[in-house]
Amino acid sequence: MSTLLVSNPLCLNHMTPLGHPERADRLRVVERILEHERFQVLAREQATPVDLDIVARVHPGHYLDRLQEASPDEGMVQIDSDTSMSPGTWQAARLAAGGSVIAVDEVMTRKVSNAFVAVRPPGHHAESVKPMGFCFINNSAVAARYAQAAHGAERVAIVDFDVHHGNGTQEIFWTDPSVMYCSTHEMPLYPGTGAASETGVGNIVNVPLAAGDGGPEFREAYEGIIFPRLRVFSPDLVIVSAGFDAHVRDPLANINLIEADFAWVTKRLMEIADLTAGGRLVSILEGGYDLEGLARSTAAHVMTLMGA
């Protein structure tokens, strides 16, 4: 079976203020690198807007109504100090979540081995009723709930190696033992959550890294803590919140990973998915703000998903 790439160029229409790190060029460089000859064997599908009934399993209707009402007809509106909406934002957010749902369908029905969802805006900072940190809809959370509701997944693991802690994903599943959330992230750093003591009902696994840490500390966090917990949890589906802003080149943090580290963690997560979930794995793009680091890391991640 093949690896699926899900994207949609309309995600480029989410505009952010000049100089904002979460910009359309991020998706352009990802799309450009994945047009290379070595990626021509990817199966490809266009993301379609998510049904809001699916999103409502994560974000209540009044929150979604509020986002739609805030969406401007022109110009830009500021949601918080880091997060803004343009006329194309609401459609892009629905496409990002919709692409995640398509990937779950294809992986859970074994039409493909695994999937990478190249979309924006990202999602892991979006709490159940609060947009923040460039995020509006929590794509990984929507994918997890959809896998449970539509495909009968009893246990879903979300593994987040973005350099910023996924406070939204943690908040959404804080009391739900059917979803395990595991995160490595720099601390202290935005958004200020993610201490090792934050454990939910035993389903939250936070392994903070310190500024200046690199591949050895990152790999030890997974080998020593996260992988053993995942094996015990035995997920039916592995979802990856794939942020590449822990790359040494990234301007928003101070972790020193290189492409080989992202390839390594991808391969090891695939091995766990093979062991417990019949190989079912869906990866969804989160952060990564240095364009060269993002492109190279994405290429290494997707090549590994392809088994190359």
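List the residue pairs whose Cβ atoms are under 8 Å apart, where the first residue sits in the range 14-43 and is free of Cβ contacts under 8 Å to residues at least 60 places away in the same chain, the second is open to solvent by less than 30 Å² (accessible area, probe 1.4 Å) and part of a loop (DSSP other than H, G, I, E, B), and the two are 6 or more positions apart or on different chains. From residues that are free of Cβ contacts under 8 Å to residues at least 60 places away in the same chain, the pairs are 23/16. Pairs linking a residue in the range 114-136 that is assigned to a strand (DSSP E or B) and open to solvent by 20 Å² or more (accessible area, probe 1.4 Å) to a residue that is among the aromatic types (Phe, Trp, Tyr) and modelled with pLDDT of 95 or more, with Cβ atoms under 9 Å and 6 or more positions apart or on different chains, are 130/63. Restricting the range 237-263 to residues that are out of contact with any Gly (no Cβ under 8 Å at 6 or more places or on another chain) and farther than 16 Å from residue 183 by Cα leaves a set whose member that is surrounded by the fewest Cβ atoms within 10 Å (Cβ to Cβ) is 251. What about residue 105, is it over 13 Å from the mean Cα position of the chain (by Cα), part of a helix (DSSP H, G or I) and either acidic (Asp, Glu) or more than 17 Å from residue 179 (Cα to Cα) (or both)? Considered against the rule, which asks whether it is over 13 Å from the mean Cα position of the chain (by Cα), part of a helix (DSSP H, G or I) and either acidic (Asp, Glu) or more than 17 Å from residue 179 (Cα to Cα) (or both), residue 105 comes out as yes. Among the residues of the range 221-259, those identified as in a loop (DSSP other than H, G, I, E, B), among the acidic types (Asp, Glu) and more than 27 Å from residue 105 (Cβ to Cβ) are 245, 250. Scan the range 59-80 and tell me whether some residue there is within 28 Å of residue 269 (Cβ to Cβ) and touching a Lys or Arg at 6+ places or on another chain (Cβ under 7 Å). Checked the range 59-80: no residue is within 28 Å of residue 269 (Cβ to Cβ) and touching a Lys or Arg at 6+ places or on another chain (Cβ under 7 Å).
Could you run through the range 137-153 and say how many residues are of a type outside the set (A, V, I, L, M) and open to solvent by 10 Å² or more (accessible area, probe 1.4 Å)? First the steps, then the outcome.
Taking the range 137-153 as the starting set, the residues that turn out to be of a type outside the set (A, V, I, L, M) are 138-140, 145-146, 148, 151-152.
Subsequent filtering for residues that are open to solvent by 10 Å² or more (accessible area, probe 1.4 Å) retains 145-146, 148, 151-152.
Counting residues in the range 137-153 that are of a type outside the set (A, V, I, L, M) and open to solvent by 10 Å² or more (accessible area, probe 1.4 Å) gives 5.
Only one of the numbered conditions (1) surrounded by 23 or more Cβ atoms within 10 Å (Cβ to Cβ); (2) in contact with a helix residue (DSSP H, G or I) (Cβ under 6 Å, 6 or more places away or on another chain); (3) more than 25 Å from residue 3 (Cβ to Cβ); (4) polar (S, T, N, Q) is not met by residue 100, and that is (3). Here's a check for you: in the range 132-178, which residue that is touching a strand residue (DSSP E or B) at 6+ places or on another chain (Cβ under 8 Å) and hydroxyl-bearing (Ser, Thr, Tyr) is farthest from residue 198 (Cα to Cα)? Per the stated criteria, the residue is 140.
The values are calculated or read from the model by the stated rules, or taken from the named source; none is laboratory data. Here the structure is a predicted model, which is why all the values come from computation and not from measurement. Note: ideal-geometry Cβ built from the backbone for every residue, glycine included; neighbour counts use all protein chains shown. For the accessible areas, the whole protein counts, side chains as well, though only heavy atoms, and no ligand, DNA or RNA atoms are used. Shrake-Rupley method; radii C 1.70, N 1.55, O 1.52, S 1.80 Å.
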